[in-house]
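Following: one structure in structure tokens, then a few remarks.
Values in this text are rule-based calculations from the coordinates and carry no lab data. Since the model is a prediction, treat every value here as computed from it, not as a measurement. Using ideal geometry, Cβ is built from the backbone for each residue, glycine included, and neighbour counts are taken over all protein chains shown.
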Amino acid sequence: MRDLSPLHKARLGYNPKLAGALQEGIKNVKFTFGEKTSAVKDKEDIEKLFKDVYGGPIVSFSNAGESLNLANKNVGVILSGGQAPGGHNVIAGLYDAIKQANPNNKLYGFLGGPSGIIDGKCVEFDDKFIDAYRNTGGFDIIGSGRTKLETEEQFEKSLKVCEQLNINAIVIIGGDDSNTNACMLAQWLKAKNTGIQVIGCPKTIDGDLKNSQIEISFGFDTATKTYAELVGNIQRDANSAKKYWHFIKLMGRSATHVGLEVALQTQPNIALISEEVEAKKQSLKSIVDYITDVVVKRAEKGKNFGVALIPEGLIEFIPEMKTMIQSLNDLLAVLEKDEAFVNAANETKYEIISSKLDKDNAFVFNSLPNLIKAQLLMDRDPHGNVQVSKIETEKLLIEMVKANLKKLKAEGKYNGKFSEQAHFFGYEGRCAMPSNFDADYCYSLGYNAFALILAGLTGYLSSVKNLTAPASEWRAGGVPLTMMMNMEKRHGVMKPVIQKALVELDGPVFKEFEANRENYALNDCYIFPGAIQYYGPTEVCDNTTITLQLEQKVPAKC
């Protein structure tokens, strides 16, 4: 038995708060159906692909309405994709609801992600097993994985495993792609009249799995608070030493919700927002010129230091880079089937790619340092896309800013000093011990997922809303996964996926940042948030993110 830290021991005993209608226990929950739904986009294509689970109504839970069917249910649970703080509490909430409904019900955890259900590798949970993981970070309770559930063979194997274990429902805890797979599995199982239900839970620290029914994905709260602590520490160091510019890349591939939230929590000198870059068609040069301008202006005030936040996915939002990368993704999908190309040296690969890209895209590709070219050619992600987290954008910007400053110094327009430090904060936030908010939210999501199962639903996502209010006022329910879907190109082929929610430039969160960033740039407005607090006044230990407060029109403390 491993030794536990005092905090770990204390967190195991924390009793998470349940959403309002769930607080009286699973046997007292009732449900009502709301309006029918349709896909957010590409409705005809989505309905054709998911005809058996498409267009269901939004469901809400309360103490009035139709009673849940408390028939015996055995459930399997899968952790899918990257880790996010609070995943263990989703499973704990699911387990507690299952056992409250009937102590003879069973919960199986599939090991290593979706591959576990395909290969039949699982564990059965009991009280002792679950109690060792309550309110803790990570996904180590059963492990995770990125295997996609999408082929007939995979579905057949999964069905066979469920039949062997007498499993009636599957809960998939994951992000947009994982829940797309959940919907595909739900459709297949429904079409085959298996009677096996599939329910999803919204997970991703990126914050891009949200809409009118999903206010926030779990893990975002804890991860951004963790990153904000680290950025705040660096800002304190920068303001103490007064000699370094820190370029910090933050996790968040396709959206800048993480970077924007951390910027509001810490108020750095520079924070780039990928969605703004794309909307304003800012070139790589214009971005570098903007950073250079801030560096020069601060140097004129005797401040040869600062902090710049760089979103992980920035490079794909710069128009000329995005176009080139899209063409490169399509080209590599073909070239990677060519053994001669695969075995060629990098320099030869660069020449082949340059000769096959069109003129404009070839120009952009050839203008990049070999370091960045090599990173663009690293192994694709499971969807055939460049792994932008491996592209050291922060170092690319540093080198280009240094070149600008050298030129300005030669022209007598800059007399400061520029010493740089590069950082990437990603994995540091994915498995942190969950904040009280995430511990409570995740527990409610898992408990709520079983309520959706007892309501006889499949192809739904667990939804808990009104999250800036006390937990007693949270509203529980479910939303059809097909409601969130559209068609996107993956591996050169159009496929159904849950639509990502990007930063809205006319929304209250970006507007708050936009109104203050000039002040942040030139003055030392740094905030030092410190570590996540688990005990103390509610405004300290139970506070939500600034993003959620602004989106829910609650006066934000920023």
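For the chain, what relative contact order do you get, as a whole percent, if you take Cα pairs closer than 8 Å and at least 6 residues apart?
Working: 1173 pairs, mean separation 135.7, N = 558.
So the answer I get is 24 percent.
Over 19 Å between Cα atoms: which of K73/K128; K297/K409; K43/K495; K373/K500 fall into that group? Mind dumping the intermediate values first?
Numbers: K73/K128 21 Å; K297/K409 13 Å; K43/K495 13 Å; K373/K500 27 Å.
In this structure, K73/K128; K373/K500 lie more than 19 Å apart at Cα.
Placing dummy labels 7 Å off each Cα toward the beta-carbon, the span from K192 to E336 is 2.9 nm. Straight distance only, please: which aspartates and glutamates reach the Cα of K359 with their own Cα at less than 14 Å, same-chain residues fewer than 8 apart left out? Straight-line reach from K359, under 14 Å: E320, E351. Dividing the convex hull volume of the alpha-carbon atoms in region 1-85 by its residue count gives 219 Å³ per residue.
The distance between label points at A410 and D237 comes to 3.3 nm (points 7 Å beyond Cα on the Cα→Cβ vector).
Between helix 152-165 and the chain there is an angle of about 40 degrees, using the helix long axis and the longest principal axis of the Cα atoms.
Given a Förster distance of 25 Å, report the FRET efficiency between E428 and Q387 from their Cβ-Cβ distance, rounded to the nearest 0.05. Walk me through the intermediate numbers first.
Numbers: r = 18 Å, r/R0 = 0.73.
So the FRET efficiency works out to roughly 0.85.
Computed over every Cα-Cα pair of region 67-112 and binned at 5 Å starting from 0, the pair-distance distribution P(r) comes out as 5, 19, 28, 21, 14, 8, 4, 0 percent. Taking only the C-alpha atoms of region 363-470, the Rg (one decimal) and the largest Cα-Cα distance, Dmax (whole number), read 23.6, 73 Å.
Just need the relative contact order of region 186-241 here, percent rounded to a whole number, with Cα pairs under 8 Å and 6+ apart.
On the way: 36 pairs, mean separation 11.6, N = 56.
With pairs under 8 Å counted, the relative contact order is 21 percent.
Seen from G25, the other residues with C-beta closer than 15 Å to its C-beta sum to a net charge of +2, counting Lys and Arg as +1 and Asp and Glu as -1.
By the helix-only formula, in which each DSSP H run with n ≥ 4 contributes -39500 (n - 2.57) and the sum is divided by residues, the chain has a 222 nm mean residue ellipticity of -13000 deg cm²/dmol.
In region 451-558 the Cα-Cα distances spread across 5 Å bins starting at 0 as 2, 8, 11, 14, 15, 15, 13, 10, 7, 2, 1, 0 percent of all pairs. Kindly express, to the nearest 10 degrees and within the range 0 to 90, the angle between helix 508-522's C-alpha long axis and the longest C-alpha principal axis of the chain. It works out to around 30 degrees. Cross-link partners for K99 among the aspartates and glutamates, with Cα-Cα distance under 16 Å and sequence neighbours closer than 8 places in the same chain left out: E24, E124, D126, D127, D131. The orientation-averaged shadow of the Cα convex hull for region 61-194, equal to a quarter of the hull surface, comes to 8.5 nm². Within the shell of other residues whose beta carbon sits under 13 angstrom from the beta carbon of A521, the net charge comes to 0, with Lys and Arg scored +1 and Asp and Glu -1.
Listed by chain and number, the aspartates and glutamates placed with their C-alpha closer than 16 angstrom to that of K242 are E300, E420, D524; residues fewer than eight positions away on the same chain are left out. Cross-link check: pairs K27/K210; K48/K190; K390/K489; K225/K249 evaluated at a Cα-Cα cut-off of 25 Å; pairs beyond the cut-off: K27/K210. In terms of the mean number of neighbouring beta-carbon atoms within 10 Å, the peptides 195-204, 402-411, 227-236 order highest first as 195-204, 227-236, 402-411. At R0 = 25 Å, how high is the FRET efficiency between E320 and V493 if r is their beta carbon distance? Nearest 0.05 is fine. For E320 and V493, the calculated efficiency is 0.50. As a rough guide to protection, the peptides 41-52, 21-32 ranked by mean Cβ packing within 10 Å, highest first, stand as 21-32, 41-52.
The orientation-averaged projected area of the convex hull spanned by the Cα atoms of region 501-546 comes to 4.8 nm². For a label point 7 angstrom out from the Cα of N519 toward its Cβ, which stretches of region 212-228 have the backbone nitrogen within less than 12 Å? Under cut-off, by backbone N: nothing.
Using the Cβ of D52 as centre and a radius below 10 Å, the other residues enclosed give a net charge of +3, where K and R count +1 and D and E count -1. Distance from the Cα centroid of region 1-51 to that of region 252-313 is 35 Å (rounded to whole angstrom). Highest average first, the peptides 82-92, 285-295 ordered by how many other beta carbon atoms sit within 10 Å of their residues are 82-92, 285-295. Shape analysis of the chain yields a ratio of the Cα radius of gyration to the Kirkwood radius, Rg/Rh, of 0.99.
Give the Kirkwood hydrodynamic radius (Å, one decimal) of region 177-281, defined as one over the mean of 1/r across all pairs of different Cα atoms. Numbers along the way, then the final one.
On the way: mean 1/r = 0.0610 Å⁻¹.
Every distinct Cα pair counted, the radius reaches 16.4 Å.
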